Amino acid sequence: MKALEVLLGYGCNEKCLFCSQEVSWRRRPGLPFSLVAEQLYRAREDGFRSVCFTGGEPTLRPDLPKMAALARKLGFTYSRVQTNGVKLAEPAYAAELVAAGVNFFRVSLHGHTAKLHDELVLVPGALAKAYRGIGNLQRLGVGIGINVVLNKRNFRELPALCEEFLDRKFANLVLIYPLFEGDMVAHEAEMSAPMSEMAPYVRAAFKIFEKRAQPLPRLLNFTPCAAPELAPWMLSWSAHSAFVVDGNGKPVDLYMASHDDRVKVEACSRCRLNEECLGFKRNYGARFPDERLDAVRTVAADAALGDTNDTRVLARPKRATGRPSALDLIARAVFPVPESGGDSPLKVERIDVFLDEASLCIEEKRSQWELTHA
Ligand code: SF4
């Protein structure tokens, strides 16, 4: 289903130490309702039926229920809110969003105890409110997913966190390796740990889900060499999982990572996944050069990978020469440019992603404009 992602603004009521956005961006204005409405209309005309409202923290926008109601009226059948869950502790607010048409909430929880979560997001009482919010959503019967950003403080707690979340019937889990961007850079001494250190705890988490017969978590921003047997559950490590390759056959992260954001190392050439894998995030490779090489050897030495075990090795179809012929619009993102606003006009960027299904070639069209009215 074609997916529209609308980043409403960068304002937030938490201050996560690992946030990939910068606190200074929070003062910037968000997208005005009129522009969000216009983009929703356009997206529906282009056949989109899925929308995600994100931020920052989208529940800080008083007009979020109005946006969700408009999306439903226009015919969007999947409406998701990406949130820290704090505001959902108010039963009337949770019910208002659901009544307006939101049918899936992805809530960010980074610890299973108040001490762990609240001290990571720098808001006392945040976990208790998010738990109450999720309880409200459970009673309303909507879809719920949980995002956990792994970091130096919480990764060893992952097995206990999984047990607690499953006890609470939070089964749809995405475990995210942090990006070395935004505030994460300012706090990396206390937040960062290499994937190889996290991998045993991630494996333990998977075992818990298996033992309790629950759908396995998904992993974001991990490379397969961190835990090769978990590659089938990793997102965005290959052009197939990200499902985006530009017109030159170069992989593009659908979530707006730059084209040049990934690096390969010499040892990748010996890796069984080299053809499919996008490589390491550049900022990761710069921070963990030794880790990177160790990890590569692990995979490169595993001759059986993809042949005899369950790891999914995807064969990328050969690209047709020349430009793709018929392109389908598959995704769109609209967001305020963080550096704009204040005394200068608000700049807005839109990314349209087109796919040629036959060749799996992707074209990405970016347009940026200034809003002179709100
Ligand atoms: S290609 Fe390189 S980064 Fe990707 S899984 Fe293999 S060793 Fe890791």
Considering residues of the stretch 210-224 that are away from the ligand (no atom under 16 Å from the Cβ) and among the hydrophobic types (A, V, I, L, M, F, W, C) only, the residue nearest to Asn283 (Cα to Cα): Leu216
Considering only residues that are touching a Leu at 6+ places or on another chain (Cβ under 8 Å), farther than 27 Å from Trp25 by Cα, assigned to a loop (DSSP other than H, G, I, E, B) and modelled with pLDDT of 95 or more, which ones fall in the stretch 47-87? Phe76
Does any residue of the stretch 151-162 turn out to be under 17 Å from the mean Cα position of the chain (by Cα) and at pLDDT 95 or above? yes
The one condition in (1) within 16 Å of the ligand (Cβ to nearest atom); (2) under 26 Å from the mean Cα position of the chain (by Cα); (3) at pLDDT 55 or above; (4) farther than 30 Å from Leu35 by Cβ that Leu360 fails to fulfil: (1)
From Glu22, Glu5, grab the single residue that is within 25 Å of Thr372 (Cα to Cα), in contact with a strand residue (DSSP E or B) (Cβ under 6 Å, 6 or more places away or on another chain) and at pLDDT below 95. Glu5
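Any idea how many residues of the stretch 4-20 are buried (at least 19 other Cβ atoms within 10 Å of the Cβ), assigned to a loop (DSSP other than H, G, I, E, B) and not charged (D, E, K, R)? Write out each step before concluding.
Going through the stretch 4-20, the residues buried (at least 19 other Cβ atoms within 10 Å of the Cβ) turn out to be 4-10, 12, 14, 16-19.
Next, from what is left, pick out any that are assigned to a loop (DSSP other than H, G, I, E, B): 8-10, 12, 14, 16-19.
From the residues that got through so far, the ones that are not charged (D, E, K, R) too are 8-10, 12, 16-19.
The total comes to 8.
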Output the residues belonging to the stretch 131-184 that are charged (D, E, K, R) and part of a helix (DSSP H, G or I). Arg132, Arg139, Arg156, Glu157, Glu163, Glu164, Asp167, Asp183
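Here is a yes/no grid of residues against (1) within 30 Å of Glu45 (Cα to Cα); (2) surrounded by fewer than 18 Cβ atoms within 10 Å (Cβ to Cβ); (3) within 21 Å of the chain's Cα centre (by Cα); (4) charged (D, E, K, R):
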position	(1), (2), (3), (4)
Leu64	yes, no, yes, no
Arg72	yes, yes, no, yes
Thr77	yes, yes, yes, no
Gln82	yes, no, yes, no
Gly101	yes, no, no, no
Val121	no, no, yes, no
Leu127	no, no, yes, no
Just to be sure before I move on: is Val185 in contact (Cβ under 8 Å) with a residue 40 or more places away in the chain, of a type in the set (A, V, I, L, M) and surrounded by fewer than 20 Cβ atoms within 10 Å (Cβ to Cβ) in the structure I sent? no
Being touching a Pro at 6+ places or on another chain (Cβ under 9 Å) and under 21 Å from Gly133 (Cβ atoms) is the requirement here; does Gln21 meet it? no
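Let's see how each residue does on (1) touching a helix residue (DSSP H, G or I) at 6+ places or on another chain (Cβ under 9 Å); (2) over 19 Å from His117 (Cβ atoms):
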site: Leu70; (1), (2): yes, yes
site: Leu74; (1), (2): yes, yes
site: Arg80; (1), (2): no, yes
site: Thr83; (1), (2): yes, no
Can you pull out every residue in the stretch 160-209 that is closer than 30 Å to Ala286 by Cβ and aromatic (Phe, Trp, Tyr)? Tyr177, Phe180, Tyr201, Phe206
So Glu190 fits all but one of (1) more than 28 Å from Pro289 (Cβ to Cβ); (2) loosely packed, with under 15 Cβ neighbours inside 10 Å; (3) among the acidic types (Asp, Glu); what number is the exception? (1)
Any idea which of (1) surrounded by fewer than 19 Cβ atoms within 10 Å (Cβ to Cβ); (2) polar (S, T, N, Q); (3) closer than 26 Å to Met67 by Cβ is the one Thr113 doesn't satisfy? (3)
Check Leu216 against each of (1) out of contact with any Asp or Glu (no Cβ under 8 Å at 6 or more places or on another chain); (2) surrounded by fewer than 21 Cβ atoms within 10 Å (Cβ to Cβ); (3) aliphatic (A, V, I, L, M) and name the one condition it does not meet. (1)
Taking the stretch 275-299 and the residues there that are in a loop (DSSP other than H, G, I, E, B) and at pLDDT 80 or above, the one that is nearest to Leu220 (Cα to Cα) would be Gly279
Has the stretch 31-47 got at least one residue that is at positive phi and surrounded by fewer than 21 Cβ atoms within 10 Å (Cβ to Cβ)? yes
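The values are calculated or read from the model by the stated rules, or taken from the named source; none is laboratory data. Since this is a predicted model, take the numbers as computed values, not measurements. For neighbour counting, all protein chains shown are included, and Cβ atoms are generated from backbone atoms with ideal geometry for every residue, glycine included.
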